[in-house]
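Encoded as structure tokens, the structure appears first; notes follow it.
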Amino acid sequence: MSALPKSHEALLRNRSLLKGRVALLGASSGALLPELPSGGLAMSEHAGYAEELAGPANWQVGFGYDNPELTASSFDTVVVFLPKARAELDLRLALARWIAAPNAALILMGEKKEGIAGAVKQLKSIDPDAAKVDSARHCQVWVASSLAPLSHFDVADWMQWHSITNAGSTVEVCGLPGIFSQGELDAGTSMLLDSLVSTPLKANRVLDFACGAGVIGSWHQTWQRDQGWPVAPVDGVDVQSQAVICARATYERAGATGEIIASDGLAGVEGVWPAIVTNPPFHAGVRTDTSMTEDFLRSVARHLKTRGELRLVANTFLPYENLIKRFVGPVERLTEDRRFTVYRATRR
């Protein structure tokens with residue numbers, strides 16, 4: 001079992017602050033819950049963390065901001081761990097205020113490198129009297145006891161929509177705080193879409209791994225429809241709650257079809273596809289982290305039909321080509337520039 005994050009260790013040092021029914025927003029380690037004195041609800045926006053948290057009988061575990069276990073005025077203490085994206089903290093604090101019971105305490109904690117200094121400013125905007133109660137190992141703990149409650153919370157109210165156009169086909173894309181490239185078409189995905197035009201997939205169904213807000217699947221179906229071609233459904237998988245929520249909304253607005261699945265990698269995915277496409281993440285916070293993509297490449301062949309195609313775009317400097325060749329099959333570079341490369345591999 002991995003060591004607890006510093007923010008979780010800080011909560012254990014201050015467990016005396018936890019009163020009544022407790023909600024933990026953004027918990028990430030299953031080792032935390034058995035150490036806490038009372039039960040309640042642990043929510044994570046990360047599908048893998050939510051699965052890891054499940055187990056202790058006195059704790060409910062919820063995945064994401066639309067989880068039905070998150071109910072109004074239900075918790076006496078609400079603990080907020082810092083999300084990776086600062087914009088997501090406003091969403092998390094709004095949820096905290098909605099689920100907090102009258103006179104509840106909100107506890108905010110995080111590390112210096114996670115941006116606790118800026119997070120405190122966001123906390124003080126909703127409770128100017130919030131006070132720091134602990135500081136150790138580059139981690140701070142703040143308590144707000146004079147919260148103005150929210151009478152309403154719906155994650156749909158936080159959605160923003162923007163249009164993206166590629167090769168003459170346009171789709172509207174849903175965004176939420178914390179989503180990668182919210183509000184724009186990133187250059188890597190644009191190169192991947194261009195490759196789908198110049199070298200179309202030969203598949204009657206596609207899987208989009210790390211689908212984000214559903215850009216690839218919704219655009220590909222729209223582009224096929226605009227060409228007068230048969231439209232191939234595109235299933236999507238992503239680890240993040242906001243991505244799953246947004247992808248489903250994007251598909252609905254675009255009239256796209258396909259199942260959107262929450263899963264940490266391919267662990268929770270069943271089935272095989274004639275084609276899999278992906279613009280996989282390679283960051284964990286501010287660090288370069290290719291482990292998710294490397295795990296994906298090790299397991300992706302089990303989900304590809306024989307002679308099925310993997311289409312992947314990645315930063316050119318990342319060492320994926322040999323891994324693709326090793327775990328999938330023959331690989332070629334369809335297109336590349338100094339920043340990105342689109343690889344096409346055929347399963348042996």
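The values are calculated or read from the model by the stated rules, or taken from the named source; none is laboratory data. Everything numeric in this text was worked out from a predicted model, so none of it was measured. With ideal geometry, Cβ positions are generated from the backbone for all residues, glycine too; neighbour counts draw on all protein chains shown. For accessibility, only protein heavy atoms count, side chains too; no ligands or nucleic acids. Shrake-Rupley method; radii C 1.70, N 1.55, O 1.52, S 1.80 Å.
What the table shows:
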quantity	calculated
Considering residues of the range 70-98 that are closer than 29 Å to Met292 by Cα and open to solvent by 40 Å² or more (accessible area, probe 1.4 Å) only, the residue modelled with the highest pLDDT	Asp90
Selected residue [open to solvent by less than 70 Å² (accessible area, probe 1.4 Å), charged (D, E, K, R) and in a loop (DSSP other than H, G, I, E, B)] from Asp134, Asp127	Asp127
So Asp238, is it modelled with pLDDT under 95, open to solvent by 10 Å² or more (accessible area, probe 1.4 Å), within 21 Å of Lys84 (Cβ to Cβ) and acidic (Asp, Glu)	no
Residue under evaluation Gly268, criteria (1) over 23 Å from the mean Cα position of the chain (by Cα); (2) open to solvent by 20 Å² or more (accessible area, probe 1.4 Å), criterion not met	(1)
Which numbered condition Pro230 fails, given (1) over 23 Å from Val272 (Cβ atoms); (2) free of Cβ contacts under 8 Å to residues at least 60 places away in the same chain; (3) open to solvent by 30 Å² or more (accessible area, probe 1.4 Å)	(1)
Restricting the range 168-208 to residues that are open to solvent by 50 Å² or more (accessible area, probe 1.4 Å) and acidic (Asp, Glu), the residue that is modelled with the lowest pLDDT	Glu184
Filter pass, Val272 being among the hydrophobic types (A, V, I, L, M, F, W, C) and in contact (Cβ under 8 Å) with a residue 60 or more places away in the chain	no
Qualifying residues in the range 246-264 (those that are within 13 Å of the chain's Cα centre (by Cα) and part of a helix (DSSP H, G or I)) - the one nearest to Ala156 (Cα to Cα)	Cys246
Filter result for the condition that a residue is in contact (Cβ under 8 Å) with a residue 60 or more places away in the chain and farther than 29 Å from Gln182 by Cβ, over Leu95, Leu33, Leu18, Leu25	Leu18
Top-ranked residue of the range 47-66 - restricted to ones that are touching a residue at least 40 places away in the same chain (Cβ under 8 Å) and in contact with a strand residue (DSSP E or B) (Cβ under 7 Å, 6 or more places away or on another chain), ranked as least open to solvent (accessible area, probe 1.4 Å)	Ala47
Index of the failed condition, Cys211 passing every other in (1) in a loop (DSSP other than H, G, I, E, B); (2) open to solvent by less than 70 Å² (accessible area, probe 1.4 Å); (3) farther than 23 Å from Arg333 by Cα; (4) at pLDDT 95 or above	(3)
Trp273, sole failed condition from (1) of a type outside the set (D, E, K, R); (2) surrounded by fewer than 21 Cβ atoms within 10 Å (Cβ to Cβ); (3) more than 20 Å from the chain's Cα centre (by Cα)	(2)
Single match in Ser73, Ser44 (criterion: within 25 Å of Gly268 (Cβ to Cβ), in contact with a strand residue (DSSP E or B) (Cβ under 7 Å, 6 or more places away or on another chain) and of a type in the set (S, T, N, Q))	Ser44
Filtered residues of the range 150-167 (kept if over 21 Å from the mean Cα position of the chain (by Cα) and buried (at least 16 other Cβ atoms within 10 Å of the Cβ))	Leu150, Asn166
Flag for Val237 being part of a strand (DSSP E or B) and of a type in the set (A, V, I, L, M)	yes
Any chance Ala31 is open to solvent by 30 Å² or more (accessible area, probe 1.4 Å), aliphatic (A, V, I, L, M) and over 25 Å from Asp157 (Cβ atoms)	no
